[in-house]
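Read the structure below first, then the notes.
The values are calculated or read from the model by the stated rules, or taken from the named source; none is laboratory data. Nothing here was measured: the structure is a model prediction, and the numbers come from that model. With ideal geometry, Cβ positions are generated from the backbone for all residues, glycine too; neighbour counts draw on all protein chains shown. Each accessible area value is taken on the protein alone, full model and side chains, heavy atoms only, with ligands, DNA and RNA left out. Shrake-Rupley method; radii C 1.70, N 1.55, O 1.52, S 1.80 Å.
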Amino acid sequence: MELKKLPNYINGEWKVFSGDMAHVVNPATGESVTQVPLSTSETVREAVATAKVAQKKWAQVPAPIRGELLYRVGQIMMNRKEKLAKLLTLENGKVIEEARGEVQEGIDMAFYMAGEGRRLFGQTTPAELPNKFAMSVRSPIGVVGLITPWNFPIAIATWKSFPAIIAGNAVVWKPATETPIMAYELAQIFEEAGLPKGVLNVVFGRGSVVGDAMVEHPDIKVISFTGSTETGRSIATECGRHLKKVSLEMGGKNAIIVMDDADIELAVESILWSAFGTSGQRCTACSRVIVHEAVKETLEKRLIEEMKTLTIGNGLEEGIKVGPIINQAGLEKIESYIAIGKEEGAKLVAGGSVLNGKDYAEGFYFEPTLFTDAKIDMRISQEEIFGPVVSLIPVKSFEEAIEVNNSVMYGLSSSIFTRDVNRVFAAQRDLDTGIVYVNAGTTGAEIHLPFGGTKGTGNGHRDSGVQALDVFTEWKAIYVDYSGKLQRAQIDVE
Ligand code: NAP
């Protein structure tokens, strides 16, 4: 199935691009499904200029009315959930059940952020002088730039665009070139919901061209980026030069700790879901299992048994549990880490190969893979592989488990399986990640909580939750003096 070539969306118009286009490939089959513009920096300038004008009016629309728009967006997404999920699987490869979950996340975000239209809380607080009133309010920032990855092409877009829009900003959004269809669909939904022209603009194209032009543009006041740590670092460096606010959500190397008193069957089920769901291509995917030596053998045996039951194939077929890898480069990166793991002396006990053959067409499939007896300092224990590969790291104690968990440069998600309430509380205090799960795997964030990580995963900001509003607003402190005379703070206080 070849869909029509995708246009950019600028100033409420669908603009056919006359320059170079890239094929969008279905990772399950290797077939081209559509083509996407490789826009230029000129396209970015056009989008920013229109967004700048639109933002001024949009900021004047009362926030509860902006919220009404997001309710309509959520409603249309709900009505269209199955269609969106199928298109998402088509361009990204994740299995249809997970695609439905991702679309649902976007729907939840729409309704949650719509409600913010009637909150956007600031503070009122007593002033230190008589007959004086003090308060703080959130102000929109202006034109904001969103740069998003391919692994959650609609959920992450909603985590960023909905808070930006409810707060009164205008958006220029560059989706990942691999997964532009969700962006096209979401822009259509905004249009149908009645978003004024120019408030949301979608510019397709390479990060090195379109992304760069956004980072460089003086009228884009905020960059909100999700992607690899490498790209995030270079974006942050540029933003620093321009004194531009930048929110970064980057890589992860997430671990599940299984203690000697854990419910092993629950841990096995959770590891399978966290490690091999989305073929290990979630930022929160579990790629390390830190296991107490007393239960290592049992856990390993049960994992190997259960991994054999995972069905691998085209995610559009109901019942498939593991879909393809996004592209050939992703596949090659995973393969290279299998070689690295073997060289480092970890024991490969399951999987480890690319899957070819008629069942897999020209798609990009990799076997669910398990290394055991990995050591804390091996590259497979430290670096993000972004595929269905897990390393089992045996430890002797709770303290060692925490140390191994915290030894990586990333800090997104962590999890512990234990029945000991004391360890639960110590773990949630000591695990150095932005998200901690107890007796659940490393994935499963809910949209009304902050999402993001510490260390090399982030730079202190959060997506989703009410905290996302901090990225897209400035705090303004307001003092109203109704005393009719000059009152000097810190000086005229009696
Ligand atoms: P990526 O290569 O860094 O790309 C992410 C986005 O940045 C894409 O839209 C890409 O554009 C763009 N980009 C690339 N180079 C750029 C540049 N120089 N300037 C501006 N933009 C640029 O990451 P990915 O491979 O798509 O995504 C996987 C990574 O994202 C993993 O590391 C994963 O852990 C991370 N991730 C993190 C979170 C989180 O919340 N912490 C969530 C999801 C994913 P093109 O690809 O179109 O060129």
| Gain on full stretching of the segment that runs from TYR482 to GLU318 - 0.36 nm per residue minus C-alpha separation | 52.4 nm
| query | PHE133's amide H: which non-local residues (gap 5+, or another chain) put their own amide H closer than 5 Å, with H modeled 1.01 Å from N in plane and none for Pro or chain starts? | reply | VAL480, ASP481, TYR482
| Residue-wise, which Karplus ³J(HN,Hα) couplings in Hz belong to segment 365-377, taking 6.51 cos²θ - 1.76 cosθ + 1.60, θ = phi - 60°, and x for glycine or proline? | 10, 9, 5, x, 10, 10, 9, 10, 6, 7, 10, 3, 9
| field | Where the chain is the region considered: accessible area per residue in Å², 1.4 Å probe | value | 41
| segment 445-462 - phi-based ³J(HN,Hα) in whole Hz, Karplus 6.51/-1.76/1.60, Gly and Pro as x | 5, 9, 6, 8, 10, x, 10, x, x, 9, 6, x, 7, x, 10, x, 9, 9
| At 37 °C and 0.692 mPa s, what whole-number value in µm²/s does Stokes-Einstein give for the translational diffusion of segment 402-494, with Rh from the Kirkwood sum over Cα pairs? | 198
| field | Long-range amide H partners of TRP173 with built H, under 5 Å | value | LEU146, ASN201, VAL202, VAL203
| field | Gain upon complete extension [LYS132, SER32; 0.36 nm per residue less C-alpha separation] | value | 29.5 nm
| query | Which whole-number percent gives the relative contact order of the chain, counting Cα pairs below 8 Å spaced six or more residues apart? | reply | 19
| request: For GLU400 and ASP359, calculate 0.36 nm times their separation in residues minus their Cα-Cα distance, and state this gained length in nm to one decimal. | output: 10.4 nm
| request: Using only the Cα atoms, work out Rg/Rh for segment 125-193, with Rh taken as the Kirkwood radius, to two decimals. | output: 1.26
| task | Starting from segment 1-58, pick out the trypsin sites (Lys or Arg not before Pro) whose DSSP state is loop and whose Cβ has at most 12 other Cβ atoms within 10 Å. | result | LYS4
| query | Using the beta-carbon distance between ASP373 and ARG233 and R0 = 35 Å, what value does 1/(1 + (r/R0)^6) give for FRET efficiency, to the nearest 0.05? | reply | 0.60
| message | Skipping prolines and chain starts, which residues have an amide H placed within reach, meaning under 5 Å, of the one on THR372, given they are 5 or more residues away or on another chain? | response | LYS347, LEU348, VAL349, LEU392
| query | Name the trypsin sites (Lys or Arg not before Pro) in segment 267-302 that are in a loop by DSSP and that have at most 13 other C-beta atoms within 10 Å, would you? | reply | none
| For the chain: Kirkwood Rh in Å [reciprocal of mean 1/r, alpha carbons] | 23.7
| note | Kirkwood radius from Cα pairs of segment 261-305 plugged into Stokes-Einstein at 10 °C, 1.306 mPa s, gives D in µm²/s equal to 145
| said: With θ taken as phi - 60° and the coefficients 6.51, -1.76 and 1.60, list the Karplus ³J(HN,Hα) couplings across segment 117-126 in order, rounded to whole Hz; mark glycine and proline as x. | reply: x, 9, 10, 6, 4, x, 10, 10, 8, x
| Cα-based Rg of segment 71-178 per 2.2 N^0.38 Å, rounded to two decimals? | 1.39
| message | Could you work out the relative contact order of segment 276-336? I mean the mean sequence separation of Cα pairs under 8 Å and 6+ apart, divided by the number of residues, in percent. | response | 30
| Two-site label geometry, GLU265 and ILE65: point separation in nm, points 7 Å out along Cα→Cβ | 5.8
| message | What aspartates and glutamates does LYS221 reach when the alpha-carbon gap must be under 20 Å and sequence neighbours fewer than 8 apart in one chain are set aside? | response | GLU42, GLU46, ASP212, GLU238, GLU249, ASP463, ASP470, GLU474
| request: Enter the per residue convex hull volume of segment 167-319, computed from alpha-carbon coordinates, in Å³ rounded to the nearest integer. | output: 179
| request: Work out, in µm²/s and without decimals, the Stokes-Einstein translational diffusion coefficient of segment 141-254 at 25 °C, 0.890 mPa s, Rh from Kirkwood over C-alpha pairs. | output: 174
| said: Could you work out what % of the accessible surface of segment 375-471 is carbon and sulfur, using a 1.4 angstrom probe and leaving DNA, RNA and ligands out of the count? | reply: 52
| query | Tell me, how many Å apart are the Cα centres for segment 61-101 and for segment 109-158? | reply | 22
| query | Mind ordering 127-139, 104-116, 154-166, 438-450 by average Cβ neighbours within 10 Å, highest first? | reply | 154-166, 104-116, 438-450, 127-139
| Average Cα contact separation per residue, segment 400-445, under 8 Å, 6 or more apart, as relative contact order % | 47
| query | Roughly speaking, what % of Cα-Cα pairs in segment 249-407 are separated by over 22 Å, rounded to a whole number? | reply | 36
| field | Simple label model, 7 Å out from Cα along Cβ direction - MET409 to ASP219, nm | value | 3.7
